[in-house]
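Enquirer: Starting off with a structure, shown below.
The values are calculated or read from the model by the stated rules, or taken from the named source; none is laboratory data. Just so you know, these numbers come straight off a predicted model, no measurement behind them. Backbone-built Cβ (ideal geometry, glycine too); neighbour counts: all protein chains shown. What goes into the accessible areas is simple: the full protein's heavy atoms, side chains included, and nothing from ligands, DNA or RNA. Shrake-Rupley method; radii C 1.70, N 1.55, O 1.52, S 1.80 Å.
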Amino acid sequence: MRLGLPLFALAAGLLWAGCAGAGRGYPVQRLDGAQTRLRATAETKGWVFVYLGVECPIANRCLPELMALEREFAGEGVRFCYVYPNPDETPEAIRRHQADYGLTGETFRDPGLRLARQLGASKTPEAVFLDAAGKLIYRGRINDQFLALGQGKPAPTRRDLAEALAQFRAGHPPVGLVQAPVGCTFRSLP
C-alpha cells in the first residue's frame with residue numbers, strides 16, 4: 001500500500017512528536033526571551049499545548065472553556081501551556097492578553113515555530129494533548145463552535161478537547177485523534 005504525501009507527512013509528524021517530545025523536552029521561549037525546554041516531572045501525566053493569538057477572535061471565544069479545563073485537570077498532573085506563535089506579538093501584548101482574559105497557565109512564545117513544527121500545530125486556537133511520554137493523544141480544535149472562518153454558532157455542541165481529557169482521565173484516551181482546527185493561521189517571521 002502506498003501512502004500519499006499528506007498521510008506520510010502526518011505519520012512522520014506523529015512519530016516525531018512522540019520521539020522528540022518527552023525525552024529531550026519541548027523547546028519554548030519564555031516571555032523574558034530566554035530559550036528553555038519543558039520537561040516532564042514526576043507529577044506530569046500529560047501536556048496540553050494551546051496555541052493562541054492575541055487578536056484571534058476564535059481563540060478568544062474559547063478561553064473561558066480552556067480556563068475551566070485547566071482548573072479541572074491541573075490537580076491531576078495535566079500541564080496547560082499557552083503558546084503564542086506570532087512573532088509580532090510582543091511579551092507586553094501577551095501579558096496584557098493574559099490579564100484581560102485571566103489566563104493562569106504556563107505561557108510561552110514560539111516565534112520561530114520550532115515547537116509548532118514538532119507538534120504539527122498551525123492555527124490559533126489549536127490544542128495538542130500529549131501524554132507524559134510525548135505520545136499524541138489529541139490535536140485539533142477546542143470545540144465545534146466554528147465550522148469555518150466566519151461560520152460560527154452561538155455555542156458549541158461538541159467539546160473535543162474536553163472529551164479527550166475526560167477519556168484520558170478514565171484510562172482510555174483516543175490516541176492519535178486529530179480534529180481539524182478552525183482559526184487564524186500563524187503569521188511567519190518577517
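Enquirer: Criterion first (assigned to a strand (DSSP E or B), open to solvent by 40 Å² or more (accessible area, probe 1.4 Å) and modelled with pLDDT under 95) does Leu147 satisfy it?
Expert: It is true that Leu147 is assigned to a strand (DSSP E or B), open to solvent by 40 Å² or more (accessible area, probe 1.4 Å) and modelled with pLDDT under 95.
This table checks each residue for (1) under 14 Å from Arg61 (Cα atoms); (2) more than 12 Å from the chain's Cα centre (by Cα).
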site: Phe108; (1), (2): no, no
site: Leu119; (1), (2): no, no
site: Thr124; (1), (2): yes, no
site: Phe129; (1), (2): no, no
site: Pro156; (1), (2): yes, yes
site: Arg169; (1), (2): no, yes
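Enquirer: For a quick check of your reading of the model, give me the residue pairs whose first member lies in the range 157-182 and is open to solvent by 60 Å² or more (accessible area, probe 1.4 Å), whose second is modelled with pLDDT under 90, with beta-carbon atoms closer than 9 Å and at least 6 apart or on different chains.
Expert: Pairs found: Glu163/Pro174; Gln167/Pro173; Gln167/Pro174; Val178/Leu10; Val178/Leu14.
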